[in-house]
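See structure below.
The values are calculated or read from the model by the stated rules, or taken from the named source; none is laboratory data. Remember, predicted model here, so these are calculated numbers, not experimental data. Cβ coordinates were reconstructed from backbone atoms using ideal geometry, including for glycine residues, and neighbour counts include every protein chain displayed. These area figures cover heavy atoms from the full protein model, side chains too; ligands, DNA and RNA do not enter into them. Shrake-Rupley method; radii C 1.70, N 1.55, O 1.52, S 1.80 Å.
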Amino acid sequence: MFSRKTVLLVLVIAMLAVIAAQCGAAPTPETITVVETVVVEKVVQGETITVVETVEKEVVVTKEVEKIVEVNNDPWAGKVTLNWNLGTEPPTLDPALASDTTSVDVSENIFVGLTRTDPNDGSVLPYLATDWSVSDDGLEWTFNLRNDIAWVKYDPLSGEFTQEVDADGNPRFVNANDVVYGAKRTINPETASDYAYVTYIIKNALELNSGEDADGNPTELTMDDLGVEAVDDWTVKFTLERPAAYFPSIAGLWVLKPQPQWAIEEWGSDKWTEAGLIVTNGPYGLAEWIHGGSMKLVKNPLFIEADQVQIEVIDAVMITESSTAFALYENNELDTAGVPLPEVDRVKADPVLSAEFVNGPVPCTYYYGFTWTKPPFDDVRVRRAFSAAIDRQSLIDNVTKGGQLPASTFAPPGIFGAPAPGTLGQGTDVELAKASLQDFLDEKGMTIDDFNSTYDIVLGHNTSEGHARIAAAIQQMWKDNLGVDVRVENQEWKVYLKTINNDTPVEDMFSIYRLGWCADYADENNWIHEVFNSQEGSNRLRRNCTDANCSDTTGPDKFDELTTAAAMATDPAERIKLYAEAEDMFAGEMAAYAPIYHYTTVRVDKPWLTRNKPVVGGEDFYRWKIDQAAKDAATGN
């Protein structure tokens with residue numbers, strides 16, 4: 001839903017002019033002033049308000065007329081506009097709290113980071129930082145900052161950006177203290193950032209975020225002990241737990257982006273990201289956020305590279321159903337869209353749509369996670385059976401149809417340390433699946449009917465037509481290959497993300513959950529370690545937990561030690577070897593989860609849109625281009 005205007009019918013009654021008696025002249029036009037009252041609803045600071053406006057017009061009339069007067073309440077009319085589908089409500093625009101692709105896509109365009117990546121090859125480029133250096137021991141990274149990136153706020157009423165000022169009236173520019181504040185806020189356990197674990201490479205971040213020292217005792221550290229400091233206003237230094245050549249990539253992630261302390265403290269963590277309140281520093285600002293409906297981003301004219309940003313408005317909707325979004329695309333109401341699974345064959349065969357079809361590899365992996373603290377998935381034989389029974393190639397050939405690669409391990413091709421697809425781990429092996437489940441049943445003295453009546457197995461996924469089709473296909477594979485009954489449930493994205501956290505009561509947690517993981521940076525550390533290490537990763541699988549709700553862990557196991565050793569190793573060949581061993585163990589021997597496929601992009605782009613697909617990170621709208629004249633011609637505007 002968008003800002004609306006109410007059009008009032010104006011009845012203008014004009015008297016005929018006096019007719020000249022001697023010459024019989026035509027009626028003389030009369031100019032009158034019409035005052036029209038217009039009620040306009042606008043979204044300001046996250047709330048809808050009603051504004052009453054008056055418009056004065058001089059109207060030349062010679063007779064009684066009815067006139068409908070339209071008042072233009074669209075400040076973005078005539079702007080170069082990208083029509084985009086977010087796919088769901090972003091759970092947050094707070095960089096410290098974002099943990100999903102939807103939120104990250106927006107964050108990428110309204111906030112700057114220390115670094116950013118080349119969209120073509122994933123290499124690290126300067127952004128807020130002009131350059132950086134590392135100490136000889138690899139533990140201290142120093143970033144030198146530019147001093148001209150303004151903190152700004154967009155006013156939805158005036159339609160203008162203004163630069164923020166401090167208490168003394170001085171203009172605010174992003175500086176090293178903003179970076180330090182952002183890092184500390186993300187890592188502070190009171191913030192409750194679900195993505196803080198990617199910062200654990202920073203000295204003391206793990207202990208501060210978990211609140212416990214290495215022995216499990218309450219930490220005595222304070223946030224001042226975090227390995228980040230402002231050397232001066234334009235220099236920030238990070239101290240690491242161990243050498244990490246990939247740290248410049250981590251330094252550019254949203255969770256380490258500078259954050260506006262004054263705005264957050266004024267409005268609070270729950271409200272400061274609303275339109276009219278949010279303070280940003282990137283290529284775009286937030287103009288409107290109608291929760292559950294739409295969002296508008298507008299170009300920031302005070303941005304350092306504003307002259308290179310061609311698209312002026314991002315007009316985003318939040319449509320979950322891929323079929324609905326695709327219909328809007330076909331009606332020229334979206335500039336790009338994913339192709340729904342049932343439509344792939346038609347798109348490929350259609351002479352117009354096939355020319356707009358884009359299909360290529362994406363560094364992401366689709367997988368099902370098993371809840372280890374929820375029987376029967378506390379038993380490796382059951383996990384192995386459910387993983388090996390999935391016919392990945394059949395799923396790709398008959399359901400997804402996008403040329404995806406069957407996955408037997410986690411990290412996809414193109415990630416440093418990733419095994420070649422299908423060479424390690426666990427792929428499809430129906431006979432192994434049957435034997436593994438039978439071994440479990442024999443030990444328990446169960447039949448398959450006993451199994452189905454004992455365990456209420458639920459597969460969860462976030463609401464999506466595509467995920468539902470995949471779930472239905474795999475549900476049937478489990479029934480056909482193993483004889484097991486599985487129920488499928490879905491939840492709205494924001495709710496789903498909370499449900500699959502490892503602190504959700506186990507009775508409310510799915511037995512099996514769907515997730516995808518996409519590269520934040522092109523190193524295995526971001527994959528097998530940060531996602532699955534039970535001590536330093538997200539650990540949604542609930543491995544090595546002391547109780548069903550994973551209130552604590554029993555400590556690292558061999559797998560955890562492998563991924564930690566790989567992260568600490570400085571020899572690339574040694575790191576590759578260790579990651580291969582960890583990948584093989586986790587998907588194969590441990591059957592910890594079920595890797596399903598490595599993604600491809602399956603989308604269509606309008607011919608007037610020139611865009612990229614970043615190798616890592618969120619969408620970078622500020623680099624895209626729209627031929628607005630061609631778009632207007634096609635859409636009749």
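Order the following by accessible area, largest value first: Y599, Y368. Probe radius 1.4 Å; ligands, DNA and RNA are ignored.
Listed by decreasing accessible area, they come as Y599, Y368.
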Handout entry: Check: the stretch 234-300 dipole with +1 on Lys, Arg Cβ and -1 on Asp, Glu Cβ, in debye
Key = 320 debye
Problem - Share of carbon and sulfur in the accessible heavy-atom surface of the stretch 154-255 [1.4 Å probe, %] - result: 43 percent
Exercise for the section: Identify, among N85, S453, S436, the residue whose Cα sits farthest towards the positive end of the charge dipole of the chain, taking +1 on the Cβ of Lys and Arg and -1 on the Cβ of Asp and Glu, with the dipole about the Cα centre. Expected result: N85
Fill in the blank from the handout: What one gets for the stretch 440-576 as the Kirkwood radius, inverse of mean 1/r over different Cα pairs in Å, is 17.3 Å
Handout entry: Helix 101-110 axis, angle to the chain major axis (alpha carbon atoms, nearest 10°)
Key = 50 degrees
Fill in the blank from the handout: SASA check, R146, accessible area w/ 1.4 Å probe, all protein chains in place, rounded to nearest 10 Å², comes out at 70 Å²
Exercise for the section: Enter the Cα centre distance for the pair the stretch 435-489 and the stretch 504-569, rounded to the nearest angstrom. Expected result: 23 Å
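Sort E356, E265, E530, E465 by accessible area with a 1.4 Å probe, largest first. Intermediate values should be presented prior to the final figure.
Details: E356 25, E265 125, E530 5, E465 65 Å².
Order by accessible area, largest first: E265, E465, E356, E530.
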Practice task
Would you mind checking which residues have amide H under 5 Å from L253's amide H? H placed 1.01 Å from N; only 5 or more apart, or other chain.
Solution key: none
Practice task
Give the residues of the stretch 571-614 whose amide nitrogen is closer than 17 Å to a point set 7 Å from the Cα of R346 in the direction of its Cβ.
Solution key: 603-605
Completion exercise
Each label sits 7 Å from Cα toward the beta-carbon; between V380 and D233 the label points are separated, in nm, by 5.9 nm
Practice task
Pull out a ≥ b ≥ c, the square roots of the eigenvalues of the alpha-carbon gyration tensor of the stretch 503-577, then state rounded if a/c is under 1.5, prolate if not and a/b is larger than b/c, and oblate in the remaining case.
Solution key: oblate
Completion exercise
Everything considered on the Cα gyration tensor (a ≥ b ≥ c; rounded for a/c under 1.5, else prolate if a/b is larger than b/c, else oblate), the stretch 421-464 must be described as oblate
Problem - Ranked order, F377, F416 - accessible area, probe 1.4 Å, largest first - result: F416, F377
Handout entry: Dipole magnitude of the stretch 499-597, debye to nearest 20 (Cβ charges: Lys/Arg +1, Asp/Glu -1, about Cα centre)
Key = 240 debye
Problem - J(HN,Hα) series, the stretch 388-402, from Karplus relation 6.51 cos²θ - 1.76 cosθ + 1.60, nearest Hz, glycine and proline x - result: 5, 7, 7, 7, 5, 5, 4, 4, 5, 5, 10, 10, 6, 6, x
Practice task
List, largest first, the extents of the alpha carbons of the stretch 233-327 along their principal axes, each in whole Å.
Solution key: 50, 34, 33
Exercise for the section: Would you check the accessible area of I596, probe 1.4 Å, heavy atoms only, in square angstrom rounded to 10? Expected result: 0 Å²
Exercise for the section: For the chain, build the charge dipole from Cβ charges (+1 Lys, Arg; -1 Asp, Glu) around the Cα centre, then report which of W254, T499, L405 sits farthest towards its positive end. Expected result: L405
Fill in the blank from the handout: Rounded to the nearest 10 Å², the accessible area of H291 using a 1.4 Å probe with every protein chain kept is 90 Å²
Completion exercise
Phi-derived 3J(HN,Hα) across the stretch 183-192 with the Karplus relation (6.51, -1.76, 1.60, θ = phi - 60°), rounded Hz, x for Gly and Pro, is 5, 5, 5, 5, 7, 4, x, 5, 6, 6
Completion exercise
Asserting the computed 222 nm helical MRE of the chain (DSSP H runs at least 4 long, -39500 (n - 2.57) per run, divided by residue count, to nearest 500) equals -6500 deg cm²/dmol
Fill in the blank from the handout: The pairs in K79/K184; K184/K606; K348/K625; K79/K153; K153/K237 lying past 31 Å Cα-Cα in this model are K79/K184; K184/K606
Practice task
Take the solvent-accessible surface of the protein heavy atoms, probe 1.4 Å, and return the percent of it on the stretch 392-468 that carbon and sulfur atoms account for.
Solution key: 49 percent
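Can you give the charge dipole size of the chain about its Cα centre, rounded to the nearest 20 debye, using +1 on the beta carbon of Lys and Arg and -1 on the beta carbon of Asp and Glu?
Values: 49 positive and 100 negative charges, 368 e Å.
Charge dipole of the chain: 1760 debye, to the nearest 20.
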Handout entry: Estimated FRET transfer efficiency when R0 is 22 angstrom, pair E190-D508 (beta carbons, to 0.05)
Key = 0.35
Exercise for the section: Work the Kirkwood hydrodynamic radius out for the stretch 552-616: mean of 1/r over every pair of different alpha-carbon atoms, inverted, in Å. Expected result: 15.2 Å
Exercise for the section: Kindly write out, for the stretch 431-439 in residue order, the coupling ³J(HN,Hα) from the Karplus curve 6.51 cos²θ - 1.76 cosθ + 1.60 (θ = phi - 60°), rounded to whole Hz, with x marking Gly and Pro. Expected result: 5, 4, 4, 5, 5, 5, 5, 5, 4
Handout entry: Expected-Rg normalisation [2.2 N^0.38 Å, Cα atoms] applied to the stretch 447-518
Key = 1.16
Practice task
Could you let me know the centre-to-centre spacing of the stretch 316-342 and the stretch 581-637, using Cα atoms, in angstrom?
Solution key: 14 Å
Practice task
Could you give me the radius of gyration and the Dmax of the stretch 127-199, taking only the C-alpha atoms into account and expressing both in angstrom?
Solution key: 16.3, 53
Problem - Centroid-to-centroid separation of the stretch 168-188 and the stretch 213-233 [C-alpha atoms, Å] - result: 18 Å
Handout entry: Under 5 Å, built H, 5+ apart or other chain: amide partners of Y597
Key = Y366, A407
Problem - Interchain or long-range residues, amide H under 5 Å from I202's placed H - result: E241
Completion exercise
One finds, for A355 and K434 with R0 = 30 angstrom and r their Cβ-Cβ distance, a FRET efficiency to the nearest 0.05 of 0.05
Practice task
State whether the stretch 146-278 is rounded, prolate or oblate according to the following rule on the C-alpha gyration tensor (a ≥ b ≥ c being the square roots of its eigenvalues): a/c under 1.5 gives rounded; otherwise a/b larger than b/c gives prolate, and the remaining case gives oblate.
Solution key: prolate
Fill in the blank from the handout: Per the charge dipole of the chain (beta-carbon charges, Lys/Arg positive, Asp/Glu negative, Cα centre), the residue among Q475, V604, V488 reaching farthest to the positive end is V604
Completion exercise
Counting all Cα-Cα pairs in the chain, those more than 37 Å apart amount in percent to 43 percent
Practice task
Provide the per residue accessible area, probe 1.4 Å, for the chain, rounded to a whole number of square angstrom.
Solution key: 42 Å²
